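Just below is one structure, and these are the notes that go with it.
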Amino acid sequence: MASSTSLAKRLLLGRPFRSDKLQHTLLPKRIALPVFASDALSSVAYAPDEILLTLSIAGAGAFVYSPWITLAVAVVMVTVVASYRQNVHAYPSGGGDYEVATVNLGPRFGVAVASALLVDYILTVAVSVSAGVNNLGSVVPFVAEHKIGIALAAVAVLTGLNLRGLRESGTAFAIPTYAFIVVILGMVITGVVRVFVLGQDLRAPSAGLVINAEEQHLTSFAFVFLLLRTFSSGCAALTGVEAISNGVPAFKPPKSKNAATTLLMLGGIAITMLVGIVLLARATHLQYVEDTSQIVSGPANYVQKTVTTQLGETVFGNGSILLYLVGAVTALILFLAANTAFNGFPVLGSILAQDRYLPRQLHTRGDRLAFSNGIIFLAVAAMVLIMAFDAEVTRLIQLYIVGVFVSFTLSQAGMIKHWNRLLRTQRDPTKRRQMYRSRGINTVGVAMTGAVLIVVLITKFLLGAWIAIAGMIVIYVLMLSIRKHYVRVAEELQPTEERPVLPSRNHAVVLVSKVHLPTLRAVAYAQATRPDTLTAVTVNVDDKDTRKIQAEWERRQIPVPLTVVDSPYREITRPIIDFVKSVRRGSPRDVVTVFVPEYVVGRWWENLLHNQSALRIKGRLLFEPGVMVTSVPWQLRSSQDRDLDRLDENLSRAPARGPRTRRTDSPTSTAAAGRRSDVPAAAAVPDESR
C-alpha cells in the first residue's frame, strides 16, 4: 500500500510518466502561445502603468507624450520579434540566446547571457505575480491587505502545476490566456468605437483629478532624461519575447516553423493591446501617478486603481460584470505570466547543467518529465524576492529588463557573426540574399537593443538595476567556478594508457566496540573475502569495558587476533586512523580494507541514537589513500517495517527493478544484508555510548 506522502504526491502531481512518453508532451502552436508568450502578453497590463506613473513626475501635462513613447516601444518590439524569428530558424535546439552567444562569440559571452537570463526569469516570476496581486487588489480590498501571502501562494500553485508536466500546465493556462486576449481587445475595441465612432465623451475615474508635478522645475536635460526613463520602463513590455527561442524543443514538428509563427502571433497581439490601451487611456483623460501625495484635489478617500481597471470601469461601467471580468482575467494572466519563466528557466538550467556550468541535478527530469529541480529552485528564488520587496511592482520593476536586454544585444551580435560565417562559404545566390536580409534584420536589432540597454543602465542603475547587475555578476562567477570544478574532476578521473597496478596485499581490519551479533557478522564477512591479513581492532577508552571485550573474545575462541589501541584522551577516530596508517606504511602497494559494522534502523529518530561514531570514522577514512571502507549492515527489527518501495522512489526516482523482500539471507554488495544464526565470532560496531 502506498504511503500517505506518496499518495499525496500522486494526487497533486499525477502518476509518473515513462521516458518514452516525452514525445507526447510536445506542444502545438495553440498551446505553445499561452505557455511561452503569457509573459510578453501580460506585460501590457503593467507596462502602461509604468509609462504613465513615470511621466506623472513632470505633471499631468507630460501624459501627452505617452502615445509616442508607446510607439517607440512598439518599434523596438517589432525589431526584436523579427530578429528572434531568425534565431529560432538558425538554432532550433533550445539553447536560445545562450547557444547563439556561445557558438558565435565564445563561452564566456554565453555564460554572461545565461546569467542575465537566469536573473531575468526569476524577476519575471516576482514581477508578474506581484502585478497580478496589485491588479486583483484594485477590485478586491482583501487581496491588497494580504498581498505578500497571496503572492507566495500563487507561486506555490504555479510550481505545482508545472511539476505536473509541460503539456498539462499549458492546457491549464490556455483558457485564461485566450480569455485575457479576448477581454482586453474587446475592451479596447469597444472604447475606441464609443469615443471615435459614436463620439461619446468617456472619462476615466481619474480624469477629474488635479495633480502636481513631483518635480516642479525640470530643465530640458532633466525632462529628456525623464522621457528616456519612461521609455526604459515601458520596455518591460518586451520581456518574455526570448522565451520562445529558448523553448523550441517543446514545439511539435516542424519545430522552427511553429516557433517562428508563434513568435509572430505574440508580437502582433502584444503590440495591438499595448498601443490600444495607451491610446484609450489618453482618449479618456486617464491619470496615474507614482505617489498619491501628488493628488491635489479629487474625490474623498480616492483609491488609485490600475490602468486596465480604470479603463474597464470607464468602458463597461462601474459595478458591471464585465468590469469584474477585466480585473479577473488581468490578474489571472499576470499570475500565469510567470509560467513563461517556469518553462524557460528549467530548460536553460538543464542545458547549462549539461554543459557543466550548473549542478548536474538540474539536468535530470522528474516523475512527470519536467525539470523538477529547476522549477523548485526558481520558485524559491522568486519567493525570496517577493518577500524582500514586499510584492511592490514599482520597486521590483527597477531591477527588471536589464538582463533581458543584455541577452537581446549579445544574441543579435552573435547572429551577425553567424551570418558572416555562413556567407563566406555559401555560393547559392538565393540563399545568399536570404542571409543578407537576415543579417540586416539582426544588425538593426543589435543597434536598437544596444541603445535601449544603454538607456536602461543610465536611467535605472541607481533606482535598483545595480542589484540585478550584481546578481548577474555573482551567477557568472559561480557558473565559471562550477565549470572549472567539473573540468578538473574529469581530468583527474580520465583513465591513462597504463594498466592499473594490482595491490600487492590486502590487509583487513574489523572495528570492534562490543562482542555482539553485528560484530560477529562483520568478522564472518571479512573472513569470506580472504584477505592476506585480518585483524580486529578495539579502542581502549575504558579499561573495564576493554577487559570484558578481551575476555569474551577469548571465551568464544574467535580465530582473529584482537588488537587493543590505547586512547588516553578517550578519542576513538584518531587512534583508528593512526592504526590503519601504520598497517599500510609497510608498502605503498598494500591496500587496507576497513570493515565497519552498522545498525540499520527503520525510524528516522533511531538514526540519531545509532551509527554516529561509524559515520565519523567512515568520513575520515575516505580521505586516506589506499584505504577501502566496507559497511556491514545489521538490520534491527524496526527496519522490517520500513516502506522499501517508498525508499526506492526517494533514492532513485525510478521504479524498483524487482520485488523487494523484508529479509534476505544473502550478502549484497560489500555487506551481508540479513540475519543468520550461523554467524562465526567476530568484531563489533563503534559503540555510540563510548
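The values are calculated or read from the model by the stated rules, or taken from the named source; none is laboratory data. These numbers were taken from a predicted model, which means no experiment stands behind them. So basically every Cβ, Gly included, is an ideal-geometry build from the backbone, and we count neighbours across all protein chains shown. Just the protein is used for accessible areas: all its heavy atoms, side chains included, with ligands, DNA and RNA removed. Shrake-Rupley method; radii C 1.70, N 1.55, O 1.52, S 1.80 Å.
Tabulated values for the structure
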item	result
Computed label-point distance, nm, for sites L622 and L422 using a 7 Å Cα→Cβ extension	4.9 nm
Protein-only accessible surface order, largest first, of H285, H516 at 1.4 Å	H285, H516
Accessible-area value, K257, 1.4 Å probe, nucleic acids and ligands omitted, Å²	130 Å²
Solvent-accessible surface ranking, highest first, for Y98, Y569 at 1.4 angstrom	Y569, Y98
Gyration tensor over alpha-carbon atoms, segment 22-64, equivalent ellipsoid semi-axes in Å	39, 7, 4
Heavy-atom SASA rank of E571, E624, E242 (probe 1.4 Å, accessible area, largest first)	E571, E624, E242
Percent of Cα pairs exceeding the 22 Å cut-off, where the set is segment 321-463	63 percent
Segment 63-114 - Kirkwood radius from inverse mean 1/r over Cα pairs (Å)	12.7 Å
Per principal axis, descending, Cα span of segment 193-267 in whole Å	56, 41, 18
Segment 67-210: proportion of alpha-carbon pairs further apart than 19 angstrom, %	75 percent
Surface accessible to a 1.4 Å probe, H485 within the full protein complex, Å²	80 Å²
Whole-number accessible area per residue in Å² for segment 459-561, which is evaluated in the context of all protein chains at 1.4 Å	63 Å²
Packing rank of 262-271, 116-125, where each peptide gets the mean count of other beta carbons within 10 Å, highest leading	116-125, 262-271
Accessible area of Y46 in the full protein assembly, 1.4 Å probe (Å², nearest 10)	10 Å²
Solution diffusion estimate, µm²/s, Stokes-Einstein, segment 548-615, Kirkwood Rh from C-alpha pairs, 4 °C, viscosity 1.567 mPa s	86 µm²/s
Rounded Å value of the spacing that divides the Cα centres of segment 313-364 and segment 81-157	8 Å
Rounded, prolate or oblate (a/c below 1.5 giving rounded, otherwise prolate when a/b exceeds b/c) for segment 425-522 by Cα gyration tensor	oblate
Listed pairs K255/K460; K255/K417; K252/K484 exceeding 28 Å between Cα atoms	K255/K460; K252/K484
Percent of alpha-carbon pairs separated by more than 18 Å within segment 420-478	59 percent
